[in-house]
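Colleague: Have a look at this one before I ask anything.
The values are calculated or read from the model by the stated rules, or taken from the named source; none is laboratory data. What you see is a predicted model; the values in this text were computed from it and never measured. Please note: Cβ atoms are built from the backbone with ideal geometry, for glycine as well, and neighbour counts cover all protein chains shown.
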Amino acid sequence: MNSEMMRTQIRALCQAPRPEGKEAFFRKVKAQGLLHRRPRTISQWEFAAGQFLYIEKWVWALSVLLLLLITAACRRSPGNEPFALTPFLAAGILAQTGRSFRWKMAEMEHAARFSLRSVLLARLFWVGVVNTAGLMLVVLLVRPCFSYSLIRVFLYMMVPYLTAAWLGSVYERKQRADHGWGSVLICLLSSAAFAAAPAFLAGLYEERLTVLWAALFITMAGGLPGSIRNWIARMEEPVWN
Amino acid sequence: MELTADRISKQYKNKIAVDRLSFTLTEGVTGLLGSNGAGKTTLMRLLCGILVPTSGSVACGGMDVCTEEYRDILGYLPQEFGYYPEFTGRDFLLYMSAVKGLPRRDALRRTEELIELVGLKPVARKKVRTYSGGMKQRLGIAQALLNDPQVLIMDEPTAGLDPQERIRFRELIAGLGKNRIVLLSTHIVSDLEHIADQLMIMKEGRLVWQGKWHAGKEDLEAFYISKIQDER
């Protein structure tokens, strides 16, 4: 007997009988409340929307204050210095990455249905979206004050912000127990570096280097999700230690 | 429902925290005893899916413990936990309800019920930072019960509770253990004496004894010490 015949015969012998009384069985368990015993739970979107309310007020206050400050600085003296203020916006994002660990909530959040990953991603999403939208608005508002094109103002604003966010996310992945001071220092150093850069690179804000800014923007914008993904993938060990 | 661990181990660099444990937990209260550093907390984290075992597997009712479905039926009280500084006791429970996926209306109802149950009603709207150690522990117990868990894992739940609170807690756990899997770790033997249906004794990452416990048949403390010493 070849294997194909054997398989056919085994299949015929092991044929499951037709279900009898299936409908009656389901009616009975439904009547007894045994189906869907677990309470209804919220969807991923409802959860993510709810996390907006749990972002600390100072994060929003800092974002609003910085966006107003950048707008005012650009209008008053439309030079390159105001662009160096955007790294401070990253402090709000970075504060969210280590918050659960700092306040020892990580373990409980990890064991809950939506888990720590969802909590962190939802918060990062909200702060990131609000900051980026705010910066876009500022770019549109201050663009007439500059002789640069819209795309150049956008790049000069976004690159320092994303640089600080990317460096800070790498730092937060490795160091979590310093109450975020390391990330604040990274924002400060990024700001200082971009403020001092024209003194060392004279043509940094010239049109011919727009390609360099665009390359930096793509690198940072592409690197930041990767860095967050690496960090999320290694979420197990942080909880332990 | 059964929670089954199949030859699970957890190794940290040169230390084996949990060494090839296999067991099945069924409905009822299981007490996990062991001295400090025996591997109780690591085992509990493995059972909650917080840690991934170096080898072996943990499953509950056919679900892997890393899945959302399992976490949906899990209640966990860690040994050490904190709270966001702006939270009141009520905020804390509402927040944990959201992370556990409870709809707002259910979250409000469960929060009120549990605040009442753990005796925190008079201080529910006060900041958690003003709570005593025992109050924080009761809040932790309440959050573990928010989603009406089928699997309840509590690491040193009676730490910081005064004698009266401990008696109340024991009664609560005995009631909960009737129709769900409850695993408690402690090194206070008397906490388990009258409520544990099963016992597991750990030493240096290994299970040195596991079996049914019949309250009143023997002195648990003497039994525990004899089992720990047998292993020397």
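Colleague: Among the helices (runs of 4 or more DSSP H) confined wholly to segment A:88-156, which include 2 or more residues that are in contact with a helix residue (DSSP H, G or I) (Cβ under 9 Å, 6 or more places away or on another chain) and β-branched (Val, Ile, Thr)?
Modeller: Filter on segment A:88-156 gives A:90-97, A:115-142.
Colleague: At least 3 residues that are surrounded by 11 or more Cβ atoms within 10 Å (Cβ to Cβ) and at pLDDT 90 or above in each: list the helices (runs of 4 or more DSSP H) lying fully within segment A:7-77 that qualify.
Modeller: A:44-51, A:57-76
Colleague: Here is a follow-up. Identify, please: which residue in segment B:64-84 is in a strand (DSSP E or B) and within 7 Å of chain A (Cβ to nearest Cβ) and is, among those, surrounded by the most Cβ atoms within 10 Å (Cβ to Cβ)?
Modeller: My answer is B:Tyr76.
Colleague: Going through A:Ser100, A:Ser169, A:Ser118, A:Ser183 one at a time, which residue ends up being surrounded by fewer than 22 Cβ atoms within 10 Å (Cβ to Cβ), touching a residue at least 12 places away in the same chain (Cβ under 8 Å) and among the small types (Gly, Ala, Ser)?
Modeller: A:Ser118
Colleague: Another question, if that's okay. If you go through segment A:213-224 one residue at a time, how many are without any contact (Cβ under 8 Å) to a residue 12 or more places away in the chain and surrounded by 14 or more Cβ atoms within 10 Å (Cβ to Cβ)?
Modeller: 1
Colleague: Look at B:Asp191 and say whether it is at pLDDT below 90, within 22 Å of B:Met1 (Cβ to Cβ) and surrounded by 16 or more Cβ atoms within 10 Å (Cβ to Cβ).
Modeller: Answer is no for this residue.
Colleague: Answer with yes or no whether B:Phe87 is within 11 Å of another protein chain (Cβ to nearest Cβ), more than 29 Å from B:Ala17 (Cα to Cα) and buried (at least 23 other Cβ atoms within 10 Å of the Cβ).
Modeller: no
Colleague: Are there any strands (runs of 3 or more DSSP E) wholly within segment B:123-232 with 1 or more residues that are without any contact (Cβ under 8 Å) to a residue 24 or more places away in the chain, and if so which?
Modeller: Strands (runs of 3 or more DSSP E) meeting the threshold: B:206-212.
Colleague: Which members of segment A:56-68 meet the condition of being out of contact with any helix residue (DSSP H, G or I) (no Cβ under 6 Å at 6 or more places or on another chain) and of a type outside the set (D, E, K, R)?
Modeller: Across segment A:56-68, the qualifying residues are A:Trp58, A:Trp60, A:Ala61, A:Val64, A:Leu65, A:Leu68.
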